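I have placed the structure first, in the form of structure tokens, so that the comments after it can refer back to it.
The values are calculated or read from the model by the stated rules, or taken from the named source; none is laboratory data. Quick caveat: nothing in here was measured; it's all calculated off a predicted structure. Please note: Cβ atoms are built from the backbone with ideal geometry, for glycine as well, and neighbour counts cover all protein chains shown. Please note that ligands, DNA and RNA were not included when accessible areas were found on the heavy atoms of the full protein model with its side chains. Shrake-Rupley method; radii C 1.70, N 1.55, O 1.52, S 1.80 Å.
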Amino acid sequence: MKQLPKTYDPKQVESRIYRYWMDGNWFHAERDPEKTPFTIVIPPPNVTGQLDLGHAFDETIQDVLTRWKRMSGYCALWLPGCDHAGIATQIKVEEELRREGLTRFDLGREKFLERVWDWKEHYGDRIVEQLKTLGSSCDWQRQRFTMDEQCARAVREAFCSLYEKGLIYRGKRIINWCPHCTTALSDAEVEYVEKSGFFWHIRYPLADGSGSVEVATTRPETMLADAAVAVNPQDERYRHLIGKTCILPLVGREIPIVADEHADMEFGTGCVKITPCHDPNDFEVGQRHGLPQYLMLDGEGRITGGYKWDGMDRYEARKAIVEELEEGGYLASIEPCVHNVGTCYRCHSDVEPLASDQWFVKMQPLAAEAIRVVEEGDVKFVPDRFAKTYLNWMYNCRDWCISRQLWWGHQIPVWYCQDCGHMTVSRQDAAECEKCHSRNIRRDPDVLDTWFSSALWPFSTLGWPDKTEDLAYFYPTDVLVTGYDIIFFWVARMIFSACEHTGQYPFRTVLIHGLIRDPHGKKMSKSAGNGVDPMEVIEKYGADALRFNIITGNSPGNDMRFFPERCEAMRNFANKLWNASRFVMMNLTVEDNRLPETLELEDRWILSKFNALAREVGENLEKYELGIAAQKIYDFIWDSYCDWYIELTKTRLNGEDPAAREQAERVLLYVLTETLKLLHPFMPFITEEIYQALPHQGTALMVQPYPGWRAELDFAQEEASFEEVMEMIRAIRSRRSEMNVPPARKTRLFIVTDDGGAFEAGRDYLRRLAYASEVTVSRLAPDGAEGMAGVVTRSARCFMPMSELVDLDQERERLNREIEKNRGFLENQRRKLANTNFVSRAPESVVRAERERAEKLEVLLANLEASLKQLG
RNA sequence: GGGAGCAUAGCUCAGCUGGUUAGAGCACAUGCCUUACAAGCAUGGGGUCACAGGUUCAAGUCCUGUUGUUCCCACCA
């Protein structure tokens, strides 16, 4: 018989996992309804060289689902990484270049991309290794990164087809510009941060010399690009100014005063400077009034446009301009204020809204279908409150800016003719202008937003735009798992892209989880240095412990704080399971795990408990309540199996009767094996290791069917009557503890009950677990009971002859307290049952349960009173 | 300004569609090295389930409001 090593060493256990894999390979999805009717979409790791806990969370949840489905006779399809590795890598490479005193322009497009690619490959391998360590059973051999041909074709197809339908356009709009990344950003990529700043109130003199208007701004440098001043048409104060002009200080430009609803009469002075190129609202105002557009910032946030501050950084220029305004007497006042500043979600520099020629996706037509599939329930969010978040965004989203002035990414498939100006949008690389056939064409240098290609993921990875067998079989997919922080970035975009390109929703269920935070509840971030590397945790406690920690103790969609101590508790649990398994193996003589022909009461009890567990765990998993399922398995293993059942079997295992011994072994082995199956998705390493050491059928635990409820294991009656014995054992232990009786001191037990069956059967266990030397079960109290220590449960009384330890007065007092307490309960119970409303309106099962409870209480009270009477 | 989450034991959190006397881990107290496990066993202390109303036979759970707190979206000249 195989044995496990004496001590549980996660490192050793977890290094062995690959041995058990089917065919020694990572799992490959097959097109076979028996094996793969379930498809999970998983996000690729955002490659930055190390896996963080956020990914550990993602990965673990996905892996639990996959393993569970696979064990249920299903398989899961993993759609591994296609695309997302590039962005973080590009930033790394740019930083590296900067340290060398270079920019990407010095390197040139080709060389730069090569360098990014090298980094990315390097990261990719590391991530794969790290995920394996965590236990992810994903098929990483199918890994494809961004630039692979399939993905590029899909992106081009999507772009061109949207363009042909008029859903993509190029135009000048206000976009968010990151001067650090020197690129446009989409609205979703801007994070607003509260910063303290100032309102600068500036006076613009009227051109006719009749006074001035006062405007306020938080960005005074943008005055260089002012094209007008607006007042509200309803505003009596300024009605006389409409149509006049004023002189822009420092610049000397004469600008009109226009009437526009945008000016809020209640806010500030009621006059607002209009800077069409640097503010979205002002842009609209500019359009309405046909104002000229002046641009005063270049791509790196420096002043431009022929001013004396040209080339100066935006913040230095702000200082200089304010100073000069003050000197010129134009500065009316400075008022401190707190305002939201948009920052780049990657580099956290302040973004500048500015007018720029970019490519946009027209959102309104796309959103309509994306709203429908969620509202009509084709796509479900779990928990469903996130559907609201999603819908709210969908209803209000503006056109999506998809062009980026970066080099890493899918280059936009558009060629501009230098001769006739025509735009050629093409699936193939264009050699000439499609209109005038000039070969003097230039490709748009910009690339697409990474999320544009990510949005195609559920189908592009299956071969779209080709009509592949994979696509026909696996699409639409079943579940997408991700954190709530990328609902807008990714989930929303996958949904509308899927609807548009494939005419179908991309997945049926979106399982949203929370974020892992540090012990103080702060978001983990690399810059704050409070991030936790899962590899360190795994090193210390093991991947199983980390997985179990992450999966339990929080509810779906809620954030969780990460405490290493909790990992320790989970490691202890693994250790407990390890030792219990060792115990079983040490005692094992049988070679197969069939159940015995006959069963003892406690066997039926544990089998019945296990059966209920299997049913509940299945139900919880179906509802994606992974934490609850895991918690139930934990409780069953620790409490029911280890603390009770194993202790109970020791009598038979150490006894003389070989038949009884084998019987106990078989039940121990059966329940252990089945429980390992239930636990496997949550703790894949240790369960597989133990399973391999036990007598078993088939290759690996991970491909065994997942247990469910079975009628032949349902022993509700026996379960309940054994619980009575357990109750008695607990009561006796408690009583002994109160009286400070050391375990070594055994006593006789006299059990007094009308229903002796369970206690007769449990005699040996009372002896073992309740420290009894001898157990007598009868209907009548023993002689001399009045001097014994007594214990009362709902089904029986028990007397222990330890008169020297019993203080009769204390005993009486204790019994009186008990009686009083239980009378209270009974009265409550009776009141409830006397209430005709309750009896008539509550469901029958509830009423029956309450009746039974009342009956039990009555018996208990009778027992207590009998004991009290006996004391005299 | 709009929306959402959270508020339960000293700490961190469970508690699914309302139905026993509200649970776990950690921490705390007491007693045990009982040959699977001291990373353990047994026993125990500890909670007006934020507050105020309401619905119901029945509320930690559902509804309304209040307070505190966190987050998302929008606006902010």
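Table for the structure above
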| item | result |
| --- | --- |
| Accessible area of chain A belonging to carbon and sulfur atoms, whole % at 1.4 Å probe | 48 |
| Lys, Arg +1 and Asp, Glu -1 on Cβ, resulting dipole of the range A:784-872 about Cα centre, debye, nearest 20 | 600 |
| Linear extension gain, A:GLU326 paired with A:THR776, 0.36 nm per residue minus alpha-carbon span | 151.8 nm |
| Value of relative contact order over chain A, rounded to a whole percent, pairs C-alpha under 8 Å and six or more apart | 13 |
| A:SER356 accessible area, assembled protein chains, probe 1.4 Å, Å² | 20 |
| Rounded Å value of the spacing that divides the Cα centres of the range A:314-355 and the range A:741-796 | 84 |
| Loop chymotrypsin sites (Phe, Trp or Tyr not before Pro), the range A:238-301 (other Cβ atoms within 10 Å of the site Cβ: 13 or fewer; DSSP) | A:PHE267 |
| Cα centroid separation, the range A:514-593 to the range A:447-467 (Å) | 35 |
| Helical contribution to [θ] at 222 nm, DSSP H n ≥ 4, -39,500 (n - 2.57), averaged over chain A, rounded to 500 | -13500 deg cm²/dmol |
| Heavy-atom accessible area order for A:ASP419, A:ASP518, largest first, 1.4 Å probe | A:ASP419, A:ASP518 |
| Between helix A:601-622 and chain A: long-axis angle, C-alpha atoms, 0 to 90°, nearest 10 | 10 |
| Estimated distance in nm for a label pair at A:VAL847 and A:TRP393, the labels positioned 7 Å out from Cα along Cα-to-Cβ | 5.1 |
| A:TYR624 accessible area, assembled protein chains, probe 1.4 Å, Å² | 40 |
| Residue (of A:ALA367, A:ALA355, A:ILE402) at the positive-pole extreme of the range A:305-409, dipole from beta-carbon charges | A:ALA367 |
| Spatial separation of Cα centroids for the range A:846-872 and the range A:680-718, in angstrom | 41 |
| Rg(Cα)/(2.2 N^0.38 Å) for chain A, N = residue count | 1.28 |
| Acute angle (nearest 10 degrees) that the helix A:314-327 long axis makes with the longest principal axis of chain A, alpha-carbon atoms | 60 |
| Heavy-atom SASA rank of A:ARG372, A:ARG156, A:ARG841 (probe 1.4 Å, accessible area, largest first) | A:ARG841, A:ARG372, A:ARG156 |
| Cut-off 20 Å (backbone N to label point 7 Å along Cα→Cβ of A:GLN504), residues of the range A:379-394 | A:379-381 |
| For A:ARG170, solvent-accessible area (1.4 Å; no DNA, RNA or ligand), Å² | 80 |
| Per-q log10 I(q)/I(0), the range A:391-496, q = 0.11 Å⁻¹ (Debye; single scatterer per alpha-carbon; no solvent) | -0.51 |
| Degrees between helix A:808-834 axis and first principal axis of chain A (Cα, 0 to 90, nearest 10) | 60 |
| Rg/Rh ratio calculated on Cα atoms of the range A:599-742 (Kirkwood radius) | 1.01 |
| 5 Å-binned pair-distance histogram of the range A:736-783 (Cα, whole percent) | 5, 22, 27, 22, 16, 7, 1 |
| Members of A:LYS132/A:LYS623; A:LYS195/A:LYS362; A:LYS540/A:LYS576; A:LYS609/A:LYS821 lying beyond 21 Å, as alpha-carbon distances in this model show | A:LYS132/A:LYS623; A:LYS195/A:LYS362; A:LYS609/A:LYS821 |
| Residue-normalised accessible area of chain A, expressed per residue, 1.4 Å probe, Å² | 44 |
| Reachable aspartates and glutamates, given that their alpha-carbon falls under 17 Å from the alpha-carbon of A:LYS172 and they are not under 8 places away in the same chain | A:ASP187, A:ASP279, A:ASP282, A:GLU284, A:ASP298, A:GLU352, A:ASP357, A:ASP399, A:ASP444, A:ASP446 |
| Inter-label distance for A:ARG31 and A:GLN418, nm, one decimal - labels placed 7 Å from Cα along Cα-to-Cβ | 4.7 |
